[in-house]
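Novice: One structure is given below, represented as structure tokens, and several questions about it will come after.
The values are calculated or read from the model by the stated rules, or taken from the named source; none is laboratory data. In this text the structure is predicted, and so the values were computed from the model without any measurement. With ideal geometry, Cβ positions are generated from the backbone for all residues, glycine too; neighbour counts draw on all protein chains shown.
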Amino acid sequence: MQSWSLQVYDVIRFMDKHPGGNEVLLAATGKDATNDFEDIGHSALAGDTMIMHCISEVDSSTVPAKHNSVPPQQTYNADKGSDFVIKILQFLVPILISGLAFTVQQTLHQSRFRHFLIL
């Protein structure tokens, strides 16, 4: 497949027509999207459409060299116990509220039914 890495495209008028939706184009904004484009396996027609939207070429001497970055180390959170309690409460509180609402509904329904029989 052709290399598109040093070209700039204006796809604003194509966003509504893009078969993958405009989110795909927005996700590739401001970066080298060569791999994104090639990984999808676009057709020759897609390549021709891209050519129509090319507005400029990037001077390769202005592109900074890629640096291998090391992901930051995760720090140990000594307060994992409170996180666990919060997760349990996030699970149990809605269940308890639902149970309470059901009980109140049943109680009200039964009291109306009894009232109806007495009349």
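Novice: Does Leu100 satisfy being on the phi < 0 side of the Ramachandran plot, at pLDDT below 85, surrounded by 10 or more Cβ atoms within 10 Å (Cβ to Cβ) and not in a loop (DSSP other than H, G, I, E, B)?
Specialist: Numbers: on the phi < 0 side of the Ramachandran plot: yes; at pLDDT below 85: no; surrounded by 10 or more Cβ atoms within 10 Å (Cβ to Cβ): yes; not in a loop (DSSP other than H, G, I, E, B): yes.
For Leu100, the condition - on the phi < 0 side of the Ramachandran plot, at pLDDT below 85, surrounded by 10 or more Cβ atoms within 10 Å (Cβ to Cβ) and not in a loop (DSSP other than H, G, I, E, B) - is not met.
Novice: Still on this structure: For a quick check of your reading of the model, give me the residue pairs whose first member lies in segment 5-33 and is closer than 20 Å to Val63 by Cα, whose second is among the polar types (S, T, N, Q) and modelled with pLDDT under 85, with beta-carbon atoms closer than 7 Å and at least 6 apart or on different chains.
Specialist: Once the first residue is closer than 20 Å to Val63 by Cα and sits in segment 5-33, its partners that are among the polar types (S, T, N, Q) and modelled with pLDDT under 85 give Ser5/Thr34; Leu6/Ser60; Asp32/Ser5.
Novice: Continuing with this model, one more query. Would you please name the residue that is farthest from the chain's Cα centre (by Cα), looking only at residues in segment 30-44 that are closer than 14 Å to Leu6 by Cα and outside any helix (DSSP H, G or I)?
Specialist: Of everything passing the filter in segment 30-44, Asp32 is farthest from the chain's Cα centre (by Cα).
Novice: Separate question: Report yes if some residue within segment 65-73 is closer than 30 Å to Leu6 by Cβ, of a type in the set (Ser, Thr, Tyr), loosely packed, with under 10 Cβ neighbours inside 10 Å and modelled with pLDDT under 85; otherwise report no.
Specialist: Keep residues of segment 65-73 that are closer than 30 Å to Leu6 by Cβ, which gives 65-71.
Checking which are of a type in the set (Ser, Thr, Tyr) leaves us with 69.
This time we only want the ones that are loosely packed, with under 10 Cβ neighbours inside 10 Å, so: 69.
Next, only the ones that are modelled with pLDDT under 85 stay: 69.
Yes, there is a match, as at least one residue in segment 65-73 is closer than 30 Å to Leu6 by Cβ, of a type in the set (Ser, Thr, Tyr), loosely packed, with under 10 Cβ neighbours inside 10 Å and modelled with pLDDT under 85.
To keep it simple, each residue is scored yes or no on (1) at pLDDT 85 or above; (2) in contact with a Leu (Cβ under 9 Å, 6 or more places away or on another chain); (3) surrounded by 10 or more Cβ atoms within 10 Å (Cβ to Cβ).
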{"site": "Ser3", "(1), (2), (3)": "no, no, no"}
{"site": "Asp10", "(1), (2), (3)": "yes, no, yes"}
{"site": "His18", "(1), (2), (3)": "yes, yes, yes"}
{"site": "Ala27", "(1), (2), (3)": "yes, no, yes"}
{"site": "Gly30", "(1), (2), (3)": "no, no, no"}
{"site": "Ala33", "(1), (2), (3)": "no, yes, yes"}
{"site": "Ala46", "(1), (2), (3)": "yes, no, yes"}
{"site": "His53", "(1), (2), (3)": "yes, no, yes"}
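Novice: Could you list, in sequence order, all residues of segment 45-65 that are touching a residue at least 24 places away in the same chain (Cβ under 8 Å) and part of a helix (DSSP H, G or I)?
Specialist: Within segment 45-65, Gly47, Thr49, Met50, His53, Ser60 meet the criteria.
Novice: Now, a different point. Kindly list the number of the only condition in (1) of a type in the set (D, E, K, R); (2) modelled with pLDDT under 85; (3) touching a strand residue (DSSP E or B) at 6+ places or on another chain (Cβ under 9 Å) that fails for Glu57.
Specialist: (2)
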